[in-house]
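The values are calculated or read from the model by the stated rules, or taken from the named source; none is laboratory data. All figures in this text were calculated on a predicted structure; none of them were measured in a lab. Positions of Cβ are backbone-derived with ideal geometry, glycine not excepted, and every protein chain shown enters the neighbour counts. Note: accessible area is taken over every heavy atom of the protein model, side chains too, but ligands, DNA and RNA are not part of it. Shrake-Rupley method; radii C 1.70, N 1.55, O 1.52, S 1.80 Å.
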Amino acid sequence: MEFNHQILKIVSVFIAACFVMISYVGAANALQINVGAASTVEDVGQGVFFYQQSEYPRDCHEVISGCTSSNSSGVYVIKPDGYPEPFDVYCSNEDRSSGWTVCMKHSVIHRRAESMAGFGRGWEDYKRGFGFLSSDYWIGIDKLSFITNQAVYDLHIGMELSNGSSILITYSGFRIGDEWDNYRLLSIEEFSADGDDALTSCPGNMVYGNCTCQQTCDEPNRCSGDCDRGAERCYCPTGFLLDRHDCVSPRDCPCFWPGVNTVIQNGQSFVNDDCTERRNCTERRLIREELYQCDLNARCTVRHDVQGCYCDVGFEGDGQNCESIFKDCYDVYIAGHTQDGIYTVRPTDWNGPPFTVSCVTDNGGGWTVFQRRNGIDRGTSFYQNWTSYREGFGSFSGDFWLGNEKLHYLTRQRDYKLRVDIQTSGSTPKYAEYTSFATAGENDEYRLSISGYSGDAADGMRSADGTAFSTYDSDNDGCDIHNCAAEHRGAWWYGSRWCSDNYDSYCDRFNYGSTTKRCTDSSLNGVYNGGNGVNIFWDHSRNCNLNFAEMKIRPAL
């Protein structure tokens, strides 16, 4: 029968004439060897050493047999046949097993009480012996070889379990070879056991004791089974995982990924450090995904101790595909993002990918800017074609037009109001607000619906309600005489109400042949410092040559 030394606290090992037994000595255990009293050297068969009788006792059996005044346990000097010099041993005379007398028949070979001697040693230490006879020690395999080859010995092993119960194991015919034979276990015969509890034999490389955490190949990151309660049981030692019934190195688990040196839990996945590869453990098989990469609106990071692609703020999804959860800058604002900045939104029914917008938080917050002329970035031309105005152009850090298609989907998802902020060089800022603002789709030429003016900049959109959007290559102003977008060098919601009229020259009017014409009360997509009719103006004669203009919307709450 095999037994696992890691199951128990082995305290003492003795060799003695007559028999070998295990006895429980207080809080300690004993491994003892006794020689059979009726045996002779010839009984052990071939290979036994023959030596001249020594003047010293050959083992503890002879020590105790020669004592006339005391038979107590203690340290004595013996000299086995053929051994070059005498040495100290511990002889036990304590009867801790029913029917066994160990008083004068034992030579201690291995004793572990408290951990005073380290047993993680090399060959030479185990050959010579180490430790202290008063506590933990190993007598030395070389001495043990000489002792066991001078008579027939029994082996007794005394052990104490961690629950306090004790076990006595007995083997007969115990004999060790010499150094030339690497101290081979030449003979060990009949086995018997006795004690307060049955001896538990753990399979493989398991150990026995109070298990506090047992991790498995299928669940490498959590404790499982009886270990959750600190129960006494066989379990895998540190550095090993339980794979069904065996303790294995993590590298031997079926879902071990060498590239990241990790065991993946069955039914879960794992992503490498740069989020370029993900592997899944499915039915205890490691499967590599063909393609794994983060969405443009995601980042590779660790959340809740798990590496992977995670959607940015304002997005939702699996990290490989992220959808914006904000419909506009108002959603951004009420979500707690109260700083001006660039955010990503996805309006209701928008079929394209989420897009970025410039959000401003003044005047109540939550404004989505769709046009800006900041007076600094004057390199962006607003004399663009239909496609450019449909898709948008410019830079959020300077001048830009968000795009008519985006503006349409923004304003169709709920009721919006418009705010226009303007300023001329050296003048006081002014504003105009409209309680209702929306644009139709491209099939209706992004036609404008606007009403409900208030503010101090004058109503520069009073003639724009119901007009279509026009660019120089898509003339939708309704005037057959001229192209308003081309004449104003911009793009806007121009009308035809003044198409046939002639006017005096002013900043909102352009020269057309020998006459002066106008198409709108305002044109915020004109030219910086442009001449009459092509400059940036609001409410015709009141606000000319603007160097700042900003148009923005938010829900009409």
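Taking θ = phi - 60°, what integer Hz values does the Karplus form 6.51 cos²θ - 1.76 cosθ + 1.60 yield along the stretch 361-373, in sequence order, with x for Gly and Pro?
So the J values, rounded to whole Hz, are 10, 7, 6, x, x, x, 8, 9, 7, 10, 8, 8, 10.
5 Å is the cut-off here: which amide hydrogens, built 1.01 Å from N in the peptide plane, fall below it relative to Gly341, excluding neighbours closer than 5 in sequence?
Placed amide hydrogens put Cys359 under 5 Å from Gly341.
Considering only Pro429, Asn525, Leu448, whose Cα is most displaced toward the positive end of the charge dipole of the stretch 412-527, charges sitting on Cβ of Lys, Arg (+1) and Asp, Glu (-1)?
The listed residue farthest towards the positive side: Pro429.
Quick one: dipole size for the stretch 311-392, taken about the Cα centre, charges +1 on Lys/Arg Cβ and -1 on Asp/Glu Cβ, in debye to the nearest 20. Numbers along the way, then the final one.
Numbers: 6 positive and 11 negative charges, 94 e Å.
That gives the stretch 311-392 a dipole magnitude of about 440 debye.
Projecting each Cα onto the charge dipole of the stretch 361-503 (Lys/Arg +1, Asp/Glu -1 at the beta carbon, about the Cα centre), which of Trp367, Thr380, Ala491 comes out farthest on the positive side?
After comparing all options, I get Trp367.
If a/c stays under 1.5 just call it rounded; otherwise compare a/b with b/c (prolate if a/b is bigger, oblate if not). Do that for the stretch 335-397, with a ≥ b ≥ c from the square roots of the Cα gyration tensor eigenvalues.
Cα axes put the stretch 335-397 in the oblate bin.
Thr471's amide H: which non-local residues (gap 5+, or another chain) put their own amide H closer than 5 Å, with H modeled 1.01 Å from N in plane and none for Pro or chain starts?
Asn476
Would you pull out the residues with amide H under 5 Å of Ser187's amide H, same chain only if 5 or more places away, H placed 1.01 Å from N?
Long-range HN contacts for Ser187: Arg175.
For the stretch 130-135, just list the computed ³J(HN,Hα) in residue order, Karplus coefficients 6.51, -1.76 and 1.60, θ = phi - 60°, integers in Hz, with x standing in for Gly and Pro.
The phi angles translate into 7, x, 10, 4, 7, 9 Hz.
Going by the alpha-carbon gyration tensor, a ≥ b ≥ c the square roots of its eigenvalues, is the stretch 415-557 rounded (a/c under 1.5) or, if a/c is not under 1.5, prolate (a/b greater than b/c) versus oblate?
Cα axes put the stretch 415-557 in the oblate bin.
One-quarter of the Cα convex hull surface for the stretch 311-454, in nm²? Don't skip to the answer; put the middle values down first.
Values: hull surface 39.2 nm².
That works out to 9.8 nm².
In whole Hz and in residue order, list the ³J(HN,Hα) couplings for the stretch 509-518 that follow from phi through the Karplus curve 6.51 cos²θ - 1.76 cosθ + 1.60, θ = phi - 60°; x for Gly and Pro.
10, 10, 7, 10, x, 9, 10, 10, 10, 8
At 4 °C and 1.567 mPa s, grab the translational diffusion coefficient of the stretch 391-453 from Stokes-Einstein with a Kirkwood Rh over Cα pairs, rounded to a whole number in µm² per second.
In µm²/s, the coefficient is 98.
Order Lys552, Lys79, most accessible first, counting only protein heavy atoms with a 1.4 angstrom probe.
These residues rank, largest area first, as Lys79, Lys552.
Using the 2.2 N^0.38 Å rule of thumb for compact globular proteins, work out how the stretch 420-463 stacks up: its C-alpha Rg over that value, please.
For the stretch 420-463, the normalised Cα radius of gyration comes out at 1.40.
Any chance you could get the radius of gyration and Dmax over the Cα atoms of the stretch 261-388, in Å?
That works out to 20.0, 64 Å for Rg and Dmax.
What dipole magnitude, in Debye to the nearest 20, does the stretch 212-329 give about its Cα centre under +1 on Lys/Arg Cβ and -1 on Asp/Glu Cβ? Write down the numbers at each step before the final one.
Details: 13 positive and 21 negative charges, 62 e Å.
Taking the Cα centre of the stretch 212-329 as origin, the dipole is about 300 debye.
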